[in-house]
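Everything below concerns the one structure shown next.
The values are calculated or read from the model by the stated rules, or taken from the named source; none is laboratory data. If you're wondering where the values come from, they're calculated on a predicted model, not measured in any experiment. Reconstructed Cβ throughout: ideal geometry from the backbone, glycine too, with neighbour counts over all protein chains shown. Side chains are part of the model used for accessible areas, which takes the heavy atoms of the whole protein and leaves out ligands, DNA and RNA. Shrake-Rupley method; radii C 1.70, N 1.55, O 1.52, S 1.80 Å.
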Amino acid sequence: MTLVSIAGLDVALDGRPVLTGVDFQISGGEIVTLVGPNGSGKTTLMRSVIGAVKPAAGKIWRKPGLRIGYVPQKLHVDPTLPLTVGRFLSLPVRFSRFETRAALEQAGAGLLFDRQMSELSGGQFQRVLLARALLAKPELLILDEATQGLDQPGSAAFYRQIETIRDETGCAVLMVSHELHVVMAASDRVVCLNGHVCCHGTPEHVSSAPEYRALFGSGTQGALALYRHDHDHSHESACGHDHARDNSHGTAAE
Amino acid sequence: MSLLDSFLIRAALAGLGVALAAAPLGCFVVWRRMAYFGDATAHAAILGVALSLAFQLPILGGVLICCLAMAAAVTALSGRGHGSDTILGVAAHSALAFGLVAVSMIPGARVDLSAYLFGDILAVGRGDLAVIWGGGAVVLVLLWWRWSALLTTTLNGDLARASGIDPEREQRILTFALALVVAVAIKVVGVLLIAALLLIPAAAARPFARTPERMALLAAAIGGGASLLGLRLSWMADTPAGPTIVATAAALFALSASAAGLHRSRRAAKGVSGG
C-alpha cells in the first residue's frame, strides 16, 4: 500500500532551486534510504514528505490520516526549558507511564525516564527521539541522520534496531544517512539524490550505478559487500568499514 | 457595600489577574527567546492608546489592533537581511516614539501619559477589573487548550508538523495571547514594564522546575506573590505601584538565582569530596 507519493516535485529555498522534478514513493513496510552529497536536498525531500515545505511545483500525496514518526537530524532543547524525558515522550499526545517506559525500553533507553533532556548524551538523545517517534505507532518512520554522534558500532546497532522495529511493527522507514555502507545494508531500496533523483533501486544496484559512483566513488562497494556478508560485526569487518569510509568521504568532498 | 468598593482590593485583584495570565505566557516568551518580541508588542500599545483616544475607541480595542499589527509587521520584515534583534529594536522604539508623538497631537484631551507608561493600578475600576480578568481568562484558556501543541512547536517546528500540528498557527495563537496580555496589563504596570511581568516570574521559576508545567505554575505563583507584595510595599512606602511590583519580582528573581547558585556549588562541592 502506498503511503506517500511524490510526483514532479520542485522545491526552491530562498529562491535557490533545491529539488527539481523529483518522483518518489514509499509503501508500507519498506526501508528506503536517501543518500547524496551535502546540499543535495535529502533533508528538504524529507521535510516535503512531512509537509513542512511548500513545493514550487509538483504533487505530494499522503495517505489520509497517515501516522508519521519523525526523528529530526538534531533537536535543540533550550536550557531555559525544563523537560524530563518522560514528559518529552508525551508531546504532543499524552501516553501513560507504562506506554512511555515500554517505548524507551524498545528504543534501548529504559533508564532515562526521569532525566532532563538537556543532560543526555548524543546517543541517548537519539534513542529518546526514536522512542518518541515509536509511541505514535507510526505507519511511516522518518529518520534524518539519526545516528549523528554515534560511533560506528553504535550506529550499526541503531540501524539493526530499526530493522527489528520494522519487522515487529510493519512500519515503513524512510531515512537519510551519510554512513552509506551501514545504512544501505539495512535498506530495501536506496534513492540517490543530487537535486534530482540520480538513480534508485536495491542497494546493490545503486552502489554499482555509474551515477552513484560519480558522486561517491567506488570505495563503498567493497565495504557494503563485506558488511552484508558479515552481520556479526567482527573486528576485521569494522576495520574494513573504516578504510572504506575514509575513502568514500574523501571522494565525496572533492 | 461590597468588597470591590475598596480601591485597594480592586488593585490587588487587578495585579493578581494580570500576573496569573502573564506568567505562563511569559514561560513561552522565555523558552522561545521572544523577549524582544514582547517588548516590541508592548511598546506598540502606546500607539494603540493614541489611536483609541483619537477615534474614541475602547482602549482595549485600539491596543489589540496595534499589537497585532506590530506582530504582523515584525514577522513580515524578519528574514530580509536584518538581524531579528535589529528589526525588533527598530520596531519597538519607533512604535514607542510614534505613539508618544501621536498622543501629544490629540486635540483637546489632556492625557496623563505616565498612567499609560507606568500604569495606574490604584485607579482600576470595576469595568477595568472585568476587562483584566476576562482577558486573562481568555489567555489562560487559550494556553490550556493549545498547551501540548505550543510546547511541541516550541521544541521543533518539523517535529510539530510530523504530528499534524501547524507551527505557524501556534505562533499566531501565542502572538494573539501576547497582544491580549499587553492590552489588559497597561492599566496595571504600563507599557514600559509589561515585558517585565512576562519575563521575570518565568525566569525566577526556571531553577526550581523539572517540567514545563511546573515552571508555568511556579511562575504564576511568583508573579501573583510579587504583585500582592509589591502593592503592599508601594502602599507602605508611598512609591508608584507598577514599578514597585516589578521591583519586587526582580528581588524574587535575585533570590531564586542565588538559591540556585548556592545549590549548584553545594552539589559541585559534594561531587568533589565524594569523588
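Checked against (1) in a helix (DSSP H, G or I); (2) closer than 21 Å to A:Leu83 by Cα, B:Leu228 passes all but condition (2). The criterion of at least 1 residues that are modelled with pLDDT of 85 or more and under 13 Å from the mean Cα position of the chain (by Cα) is met by the following helices (runs of 4 or more DSSP H) wholly inside region A:144-219: A:152-169.
Of the candidates A:Leu143, A:Leu193, A:Leu215, A:Leu150, the single residue that is in the same structural domain as A:Gln25 (by TED's automatic domain parsing) and touching a Ser or Thr at 6+ places or on another chain (Cβ under 6 Å) is A:Leu193.
Could you tell me whether B:Gly89 is within 17 Å of B:Val181 (Cβ to Cβ) and not acidic (Asp, Glu)? Criteria not met by B:Gly89.
This table checks each residue for (1) open to solvent by 30 Å² or more (accessible area, probe 1.4 Å); (2) touching a Pro at 6+ places or on another chain (Cβ under 8 Å); (3) more than 13 Å from chain B (Cβ to nearest Cβ).
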| site | (1), (2), (3) |
| --- | --- |
| A:Gln124 | yes, no, yes |
| A:Leu135 | no, no, no |
| A:Leu150 | yes, no, yes |
| A:Tyr159 | no, no, yes |
| A:Ile162 | no, no, yes |
| A:Ile165 | no, no, yes |
| A:Glu168 | yes, no, yes |
| A:Met175 | no, no, yes |
| A:Leu180 | no, no, yes |
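Looking only at region B:49-86, which residues are of a type in the set (S, T, N, Q) and within 20 Å of B:Leu180 (Cβ to Cβ)?
Matches in region B:49-86: B:Ser52, B:Thr75.
Does A:Gly58 meet the test of being open to solvent by 50 Å² or more (accessible area, probe 1.4 Å) and farther than 14 Å from A:His200 by Cβ? No: the conditions fail for A:Gly58. Residues considered: B:Leu57, B:Leu47. Of these, the only one that is assigned to a loop (DSSP other than H, G, I, E, B), closer than 21 Å to B:Val131 by Cα and open to solvent by 30 Å² or more (accessible area, probe 1.4 Å) is B:Leu57. For region A:195-214, the criterion of a residue being polar (S, T, N, Q) and open to solvent by 10 Å² or more (accessible area, probe 1.4 Å) is satisfied by at least one position.
Take A:Leu66 and decide whether it is under 12 Å from A:Met175 (Cα atoms) and either open to solvent by 20 Å² or more (accessible area, probe 1.4 Å) or not assigned by TED's automatic domain parsing to the domain that holds A:Ala103 (or both). When the stated conditions are applied, A:Leu66 does not pass them.
In region A:91-114, the qualifying residues are those that are at the interface with chain B (Cβ under 10 Å from one of its Cβ atoms) and surrounded by fewer than 18 Cβ atoms within 10 Å (Cβ to Cβ), and the one that is nearest to A:Pro153 (Cα to Cα) is A:Asp114. Taken together, the residues in region B:231-257 that are assigned to a helix (DSSP H, G or I), touching a residue at least 40 places away in the same chain (Cβ under 8 Å), open to solvent by 50 Å² or more (accessible area, probe 1.4 Å) and in contact with a Ser or Thr (Cβ under 8 Å, 6 or more places away or on another chain) amount to 0.
Do you know which residues across region B:135-159 are of a type in the set (D, E, K, R) and either more than 7 Å from chain A (Cβ to nearest Cβ) or within 18 Å of the chain's Cα centre (by Cα) (or both)? Full working, then the answer.
Just the residues of region B:135-159 that are of a type in the set (D, E, K, R), to begin with: B:146, B:158.
Result: B:Arg146, single match.
Residues in region A:13-47 that are farther than 23 Å from A:Thr164 by Cβ, open to solvent by less than 50 Å² (accessible area, probe 1.4 Å) and not β-branched (Val, Ile, Thr): A:Leu19, A:Gly21, A:Phe24, A:Gly36, A:Pro37, A:Ser40, A:Gly41, A:Lys42, A:Leu45. Residues in region B:202-223 that are buried (at least 19 other Cβ atoms within 10 Å of the Cβ) and more than 13 Å from every other protein chain (Cβ to nearest Cβ): B:Ala220, B:Ile222, B:Gly223. Would a scan of region B:246-260 turn up a residue that is more than 13 Å from every other protein chain (Cβ to nearest Cβ) and within 13 Å of the chain's Cα centre (by Cα)? Yes, region B:246-260 contains at least one residue that is more than 13 Å from every other protein chain (Cβ to nearest Cβ) and within 13 Å of the chain's Cα centre (by Cα). Can we say B:Leu192 is more than 14 Å from every other protein chain (Cβ to nearest Cβ), part of a helix (DSSP H, G or I) and not hydroxyl-bearing (Ser, Thr, Tyr)? It is true that B:Leu192 is more than 14 Å from every other protein chain (Cβ to nearest Cβ), part of a helix (DSSP H, G or I) and not hydroxyl-bearing (Ser, Thr, Tyr). Taken together, the residues in region B:160-171 that are within 7 Å of another protein chain (Cβ to nearest Cβ) and touching a residue at least 12 places away in the same chain (Cβ under 8 Å) amount to 1. Among the listed residues B:Leu143, B:Leu155, B:Leu122, identify the single one that is open to solvent by less than 20 Å² (accessible area, probe 1.4 Å) and in contact (Cβ under 8 Å) with a residue 60 or more places away in the chain. Within the list B:Leu143, B:Leu155, B:Leu122, the selection yields B:Leu143.
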